[in-house]
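Have a look at the structure below, then the notes.
The values are calculated or read from the model by the stated rules, or taken from the named source; none is laboratory data. Model, not experiment: these values are computed from the prediction. As a convention, Cβ positions derive from the backbone with ideal geometry for all residues, glycine included, and neighbour counts pool all protein chains shown. Side chains included, ligands, DNA and RNA excluded: accessible areas come from the protein's heavy atoms. Shrake-Rupley method; radii C 1.70, N 1.55, O 1.52, S 1.80 Å.
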Amino acid sequence: MNQSESPRSADGSTPDHDPRLFPRVTAYRFRRGTLRPGQQRNWEEHWPTYGRNVADEVIDPQAMFGRVAPLIVEIGSGTGTSTAAMAAEEPEVDVIAVEVYQPGLAQLLGMILREGLENVRMIRGDGVDVLTNMITPASLTGVRVFFPDPWPKARHHKRRLLQSGTFALISSRLRPGGVLHVATDHADYADWIAETGDAEPSLERLDATTGDGHVPFSLKRPVTKFEGKGLQEERAINEFLWRRRD
Ligand SMILES: C[S@@+](CC[C@H](N)C(=O)[O-])C[C@H]1O[C@@H](n2cnc3c(N)ncnc32)[C@H](O)[C@@H]1O
């Protein structure tokens, strides 16, 4: 069965066994992972409120969050540490975390519940699939991609999330003036990201520290467990900002 023939739940989303949630051709290091009993209980009770599976259905952010607010999509939110901390700091902004790794989403769900975060929702699926099929063009104030898998071997470079096609897709979902914020601790991937992002004609590079005064949301990232590991190994962190041209 291919993706387009996948069965759909009554609500139009992909059911939990759908191959679209476990794609065979992976653009990411796929880890299946299991949920702890408490996470499993939270998942069953609260996932339908805060999360949804990837689907061929364009989302309505106003219905999702119950308000109109600037919207940021974070691709590859991992365990959701930055997502939750940044959302708590910026209650006036809504955030959708997109991740394929279910235990990571379960951790973020736990933080949402514990901290009473009203401005975070989640979509389980491949970020490219989600942006293509669920996000309205020119609707996002921001896109965040923090520490995407570097795929260091040359023969695996085609698996990197940030390719020229993805930059074009991300840009198409940003509203004019919307900003893409990327961080990586991998030097070679950083060069690749800089070159590929700069080649996208609809994006203009901003100063990575100040955003040249053009960034309509906070750039302050907490150090995640993943990033902490890199810092211990003294890998430099490279940050990038691109703004969708008007
Ligand atoms: C190296 S981890 C970084 C996680 C987190 N951003 C952080 O800074 O701690 C990369 C994450 O991206 C997720 N990922 C990779 N490719 C993805 C894709 N195409 N769509 C959604 N998530 C993806 C992986 O499952 C993984 O959790």
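Residues T184, T132, sorted by accessible area with the largest first, give T132, T184 [1.4 Å probe; ligands and nucleic acids excluded]. When only alpha carbons of the chain are considered, Rg and Dmax amount to 17.2, 49 Å. Close amide H contacts of G178 (hydrogens built in the peptide plane, cut-off under 5 Å, sequence separation of 5 or more or a different chain): R244. Counting protein heavy atoms only, the chain has 50 percent of its accessible area on carbon and sulfur, 1.4 angstrom probe. Each other residue within a Cβ distance under 15 Å of G165 adds +1 if Lys or Arg and -1 if Asp or Glu, for a net charge of 0.
For a straight C-alpha distance cut-off of 17 angstrom, the aspartates and glutamates reachable from K153 (same-chain residues fewer than eight places away being disregarded) are D185, D188, D191. Looking at the chain, the accessible area is 48 square angstrom per residue; that uses a 1.4 Å probe and ignores ligands, DNA and RNA. Answer rounded, prolate or oblate for the stretch 46-98, using the Cα gyration tensor with square roots of eigenvalues a ≥ b ≥ c: rounded when a/c is under 1.5, else prolate when a/b is larger than b/c, else oblate. Because a/c hits 1.5 or more and a/b fails to exceed b/c, the stretch 46-98 counts as oblate. Mean separation of Cα pairs under 8 Å and 6 or more residues apart, divided by the residue count, gives the chain a relative contact order of 19 percent.
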